[in-house]
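Structure, as structure tokens:
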Amino acid sequence: MVSRSYSNLLELATGESPSFGRINREIPRIVTVAGLISDVDNDPSESVSSEPSSSSTSRDRIIIVANELPIRAHRISGNGGATTNWTFSWDENSLLLQLKDGLGDDDFEVFYVGCLKEDIHPNEQDEVSQILLETFKCVPTFLTQDLYTRYYHGFCKQQLWPLFHYMLPLSPDLGGRFNRPLWQAYVKVNKIFADKIMEVINPEDDFVWIHDYHLMVLPTFLRKRFNRVKLGFFLHSPFPSSEIYRTLPIREELLRALLNSDLIGFHTFDYARHFLSCCSRMFGLTYESKRGYIGIEYYGRTISIKILPVGIHMGQLQSVLSLGKTEEKVSEVIKQFRDRDRIMLLGVDDMDIFKGISLKLLAMEQLLMTHPEWEGKVVLVQIANPARGRGKDVKEVRDEMKATVRRINDTFGRPGYEPIVLIEEPLKFYERIAYYTVAECCLVTAVRDGMNLIPYEYIVSRQGNDKLDKLMGWESSAPKKSMLVLSEFIGCSPSLSGAIRVNPWNIDAVADAMECALEMADAEKQLRHEKHFRYVSTHDVGYWARSFLQDLERTCRDHVRQRCWGIGFGLSFRVVALDLNFRKLAMEHIISTYKRTKSRAILLDYDGTLMPQASIDKGPTSKCLETLDTLCRDKKNTVFIVSAKTRKTLAEWFAPCEKLSIAAEHGYFIRLKQDEEWETSLPVADCCWKQIVQPVMKLYTETTDGSTIEDRETALGWCYEDADPDFGSCQAKELLDHLESVLANEPVTVKSGQSIVEVKPQGVSKGLVAKRLLSAMQDKGTPADFVLCIGDDRSDEDMFKVISSSMAGPSIAPRAEIFACTVGKKPSKAKYYLDDPSEIARLMHGLASVSRPNVPPYPSPS
């Protein structure tokens with residue numbers, strides 16, 4: 001059930017009768033009158049069902065959450081300054097607003113949660129909230145100036161932002177050292193955002209889309225309150241390599257928070273790859289690609305990974321190109337440069353340390369030095385947008401830029417010609433478009449940037465329209481041309497394959513690229529422009545937004561079919577999601593069943609089940625042996641150890657248990673009692689294939705530090721448990737493909753398990769052991785009325801499958817009690833789970849105490 005305080009309280013505030021049958025999705029839901037929450041919550045009759053609305057007329061609601069609202073606020077003073085009012089308008093340049101336009105109003109109803117750029121006095125906040133909600137469907141998050149400074153200018157801009165751009169705080173001058181009070185401010189602000197979302201969300205229906213690194217722990221707060229919330233996160237900045245990211249003192253908190261999302265989006269595969277590497281190295285999580293979708297299994301939930309660069313708003317840009325003032329500005333720029341026979345190169349960058357402005361200027365200087373024929377002909381117009389952050393580094397970048405411009409102009413300038421024109425005052429969008437239109441080449445030489453849409457805007461501007469074509473002296477039907485010199489370290493670089501890609505740190509290479517762009521034939525420029533324009537025009541902001549939300553909807557489709565609960569405290573919180581029929585095995589239930597049954601089958605995996613996977617000493621403990629021996633001596637029991645280990649190893653380990661049945665090498669070898677001979681579950685295997693496999697595995701072992709080969713009688717295993725997780729996993733995939741190729745005509749199967757790649761005879765599986773045991777008990781006239789099967793990995797799923805399918809057949813007794821149990825909460829064919837081997841040991845001891853009442857009590861966990 002969902003608290004009524006999350007539904008439409010505006011009706012109560014306005015005195016209208018509330019409609020409790022269905023949450024009204026057309027009117028924003030927010031608390032606007034003090035005291036309403038407690039009034040509503042105290043009336044149990046006014047609670048709302050959490051089941052999704054069946055109305056076919058409702059549009060999907062999306063709550064877009066970002067640091068800033070796409071709103072411009074202007075203060076208006078009247079009555080001689082006695083009263084103060086605010087006017088609000090959409091910020092047309094905001095990506096969040098363009099995202100909404102791209103989605104369209106027919107399918108989606110969009111709400112925004114975020115901060116205003118202006119500081120609103122507490123006395124005005126209620127009124128401003130009401131206006132923004134009713135007029136713009138925006139929910140403002142009000143922060144005190146001190147809190148905002150510590151959160152945004154402190155933790156976001158001085159700690160997260162530099163590190164995500166690969167800048168380590170090796171000294172106090174290089175980025176901010178970790179500061180816990182700033183981190184606490186960051187967490188507090190994310191919590192405030194969560195509280196604001198609570199006021200408008202219908203958690204069973206609405207989609208929540210969080211944007212960028214300012215709100216990275218917000219998914220945890222939302223998931224904690226609503227386990228099934230439909231939650232997407234898109235990171236607009238780079239995600240650094242794991243070596244950089246893992247230097248963060250709060251690395252686990254941030255990563256776990258992101259994993260509380262359903263879908264995580266990145267601009268490029270590099271950023272996604274770094275994120276996946278962190279998940280692997282820090283949490284041991286692996287990812288799989290299924291039908292083109294990348295997913296991480298995390299406590300029963302599948303977190304999807306989306307790789308798609310953002311686009312621009314084509315409609316908005318084309319409308320700006322059509323403005324009269326744009327044409328006037330284009331004419332002005334043409335007179336300033338083209339009419340003077342100047343070829344204009346253009347750079348447009350924010351004023352920050354990662355945009356590489358000085359590197360670009362040095363490349364221009366190098367061009368003029370090595371190619372003096374361009375002196376007096378080429379001009380670099382550098383537009384420096386105002387800095388978003390504060391600090392000494394911004395001042396240093398500005399000072400260095402000005403000094404470099406001054407030096408180059410003094411060296412190569414002459415009356416009527418300055419090789420570099422620096423524009424520092426803020427330009428309106430149409431003015432920037434005018435410079436794009438005239439520029440022969442656009443240069444983006446950032447040393448690290450999340451996406452950067454400047455090249456996209458430049459390409460569309462160069463496409464122009466009829467009026468601009470006339471101003472530029474182009475024929476309307478003639479092919480357009482443009483040139484891009486792009487840093488290989490920015491997010492848009494992979495999608496613009498016709499650009500000249502450069503390493504911005506290599507000044508000579510950038511200068512050569514500029515020369516290449518100037519000298520390139522028009523036909524080549526036209527082909528590159530055509531290719532770029534085709535991509536940019538089809539992959540606009542609407543395409544990006546729709547694609548992201550389609551994947552979010554697909555990922556969240558299984559929410560209603562899962563049982564969810566939370567574990568962990570604080571920012572370590574995560575949700576376990578399992579099948580509705582999957583539950584923890586209750587000790588009392590199984591012991592009471594054990595007592596009243598007469599013919600019991602017990603099948604136990606060894607590694608990871610009776611013995612922890614990470615244990616150095618792999619042999620069974622004396623306590624384990626004693627418990628198993630007690631169970632075996634009960635005449636009502638048939639106990640099987642089913643393992644991948646060799647029969648020699650298992651025979652030595654379990655020698656004290658004379659009546660224990662053992663299945664070695666995944667069930668290929670079976671021994672029912674210690675005094676009996678080993679049997680094979682299949683005809684004796686021809687292992688000539690080992691001559692093919694061993695050299696291949698040896699090669700991978702030599703090239704993968706920490707890997708080993710397990711040589712068994714009928715199988716070979718390549719183990720990489722102690723290897724580097726990323727490299728080991730990569731090598732395992734390569735080895736799997738390699739072996740499948742060379743063994744295509746051999747009677748073997750190649751399988752990947754937990755940190756192992758195995759080759760074994762076809763048809764061998766642990767399922768054979770379960771099938772043989774149940775059939776043998778049936779043949780004796782004592783079909784099993786109690787079946788307990790416990791395992792921890794993929795190979796044990798074969799046993800669970802056989803046992804589940806046997807329930808409908810004659811191999812077990814009618815009304816038999818079946819307990820298929822996996823270790824850990826994860827997707828499985830088993831219906832039950834226990835958390836770890838210690839719980840399994842406790843369970844086995846409990847069963848042994850029934851078989852022999854004088855068994856000493858199991859020691860309680862410390």
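The values are calculated or read from the model by the stated rules, or taken from the named source; none is laboratory data. This is a predicted model, so every value here is computed, not measured. Here the Cβ is made from the backbone with ideal geometry for all residues, glycine too, and neighbour counts use every protein chain on show. Ligands, DNA and RNA are stripped out before the accessible areas are found, and what is left, the full protein with its side chains, is counted by its heavy atoms. Shrake-Rupley method; radii C 1.70, N 1.55, O 1.52, S 1.80 Å.
Tabulated results
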item	result
Matching entry among R546, R561, R574, R583 (being open to solvent by 10 Å² or more (accessible area, probe 1.4 Å), within 20 Å of S828 (Cα to Cα) and under 20 Å from the mean Cα position of the chain (by Cα))	R574
Unmet requirement for K673, which otherwise passes all of (1) open to solvent by 70 Å² or more (accessible area, probe 1.4 Å); (2) part of a helix (DSSP H, G or I)	(2)
Set S487, S497: member being in contact with a Gly (Cβ under 8 Å, 6 or more places away or on another chain), in the same structural domain as L346 (by the TED database) and hydroxyl-bearing (S, T, Y)	S487
Looking only at segment 733-742, and only at residues there that are of a type in the set (A, V, I, L, M, F, W, C) and in contact (Cβ under 8 Å) with a residue 40 or more places away in the chain, the one that is surrounded by the fewest Cβ atoms within 10 Å (Cβ to Cβ)	V742
Identity of the residue in segment 334-343, open to solvent by 30 Å² or more (accessible area, probe 1.4 Å) and assigned to a helix (DSSP H, G or I), that ends up nearest to M520 (Cα to Cα)	R338
Test result for G114, touching a Gly at 6+ places or on another chain (Cβ under 6 Å) and either touching a residue at least 12 places away in the same chain (Cβ under 8 Å) or among the polar types (S, T, N, Q) (or both)	no
Which numbered condition K673 misses (of (1) of a type in the set (D, E, K, R); (2) at pLDDT 90 or above; (3) on the phi < 0 side of the Ramachandran plot)	(2)
Check on E199, under 24 Å from F283 (Cα atoms) and acidic (D, E)	no
All positions within segment 710-732 that are among the charged types (D, E, K, R) and either surrounded by fewer than 21 Cβ atoms within 10 Å (Cβ to Cβ) or within 16 Å of T286 (Cα to Cα) (or both)	E710, D711, E713, E721, D722, D724, D726
Search result, residues across segment 519-543 that are assigned to a helix (DSSP H, G or I), open to solvent by 50 Å² or more (accessible area, probe 1.4 Å) and small (G, A, S)	A523
Residue that is more than 16 Å from M514 (Cβ to Cβ) and assigned by the TED database to the domain that holds A434, where the choices are V397, V379	V397
Any pair with Cβ under 7 angstrom, 6 or more apart, that starts in segment 684-696 at a residue that is part of a loop (DSSP other than H, G, I, E, B) and ends at one that is buried (at least 17 other Cβ atoms within 10 Å of the Cβ)	A685/T714; A685/P761; C687/T714; W689/L743; W689/E746; W689/V748
Matching option when the condition is out of contact with any Asp or Glu (no Cβ under 7 Å at 6 or more places or on another chain) and open to solvent by 30 Å² or more (accessible area, probe 1.4 Å), among Q145, Q159, Q184	Q184
Some residue of segment 701-709 being in contact (Cβ under 8 Å) with a residue 40 or more places away in the chain and either open to solvent by 60 Å² or more (accessible area, probe 1.4 Å) or part of a helix (DSSP H, G or I) (or both)	no
Any hit, segment 501-514, residues being over 26 Å from P419 (Cβ atoms), outside the structural domain of I264 (by the TED database) and open to solvent by less than 60 Å² (accessible area, probe 1.4 Å)	no
Identity of the residue in segment 591-630, over 16 Å from V823 (Cβ atoms) and acidic (D, E), that ends up least open to solvent (accessible area, probe 1.4 Å)	D629
Leading residue by the ranking (farthest from V394 (Cα to Cα)) among those in segment 114-142 that are open to solvent by less than 50 Å² (accessible area, probe 1.4 Å) and in contact with an Asp or Glu (Cβ under 8 Å, 6 or more places away or on another chain)	V139
Residue check for C441: surrounded by 15 or more Cβ atoms within 10 Å (Cβ to Cβ) and farther than 22 Å from V378 by Cα	no
Candidates S58, S89, S17, S94 - the one that is open to solvent by 10 Å² or more (accessible area, probe 1.4 Å) and at pLDDT below 50	S17
Number of the exception - D399 against (1) out of contact with any Ser or Thr (no Cβ under 7 Å at 6 or more places or on another chain); (2) free of Cβ contacts under 8 Å to residues at least 60 places away in the same chain; (3) assigned to a helix (DSSP H, G or I); (4) surrounded by 18 or more Cβ atoms within 10 Å (Cβ to Cβ)	(4)
Test: residue in segment 351-358 that is touching a Cys at 6+ places or on another chain (Cβ under 9 Å), open to solvent by 10 Å² or more (accessible area, probe 1.4 Å) and outside any loop (DSSP other than H, G, I, E, B)	no
Pairs with Cβ under 6 Å, 6+ apart, first in segment 640-659 and aliphatic (A, V, I, L, M), second open to solvent by 40 Å² or more (accessible area, probe 1.4 Å) and part of a loop (DSSP other than H, G, I, E, B)	none
Unique match (being buried (at least 21 other Cβ atoms within 10 Å of the Cβ) and part of a helix (DSSP H, G or I)) among L361, L346	L361
Positions within segment 168-188 being closer than 14 Å to G391 by Cβ, at pLDDT below 90 and hydrophobic (A, V, I, L, M, F, W, C), in sequence order	L174
Enumeration of residues in segment 402-426 that are open to solvent by 40 Å² or more (accessible area, probe 1.4 Å) and over 23 Å from H371 (Cα atoms)	K402, E424, E425, P426
E365 vs. criteria modelled with pLDDT of 95 or more, over 20 Å from Y458 (Cβ atoms) and acidic (D, E)	yes
Among the residues listed as I192, I197, I210, the single one being at pLDDT 95 or above, surrounded by fewer than 20 Cβ atoms within 10 Å (Cβ to Cβ) and not charged (D, E, K, R)	I192
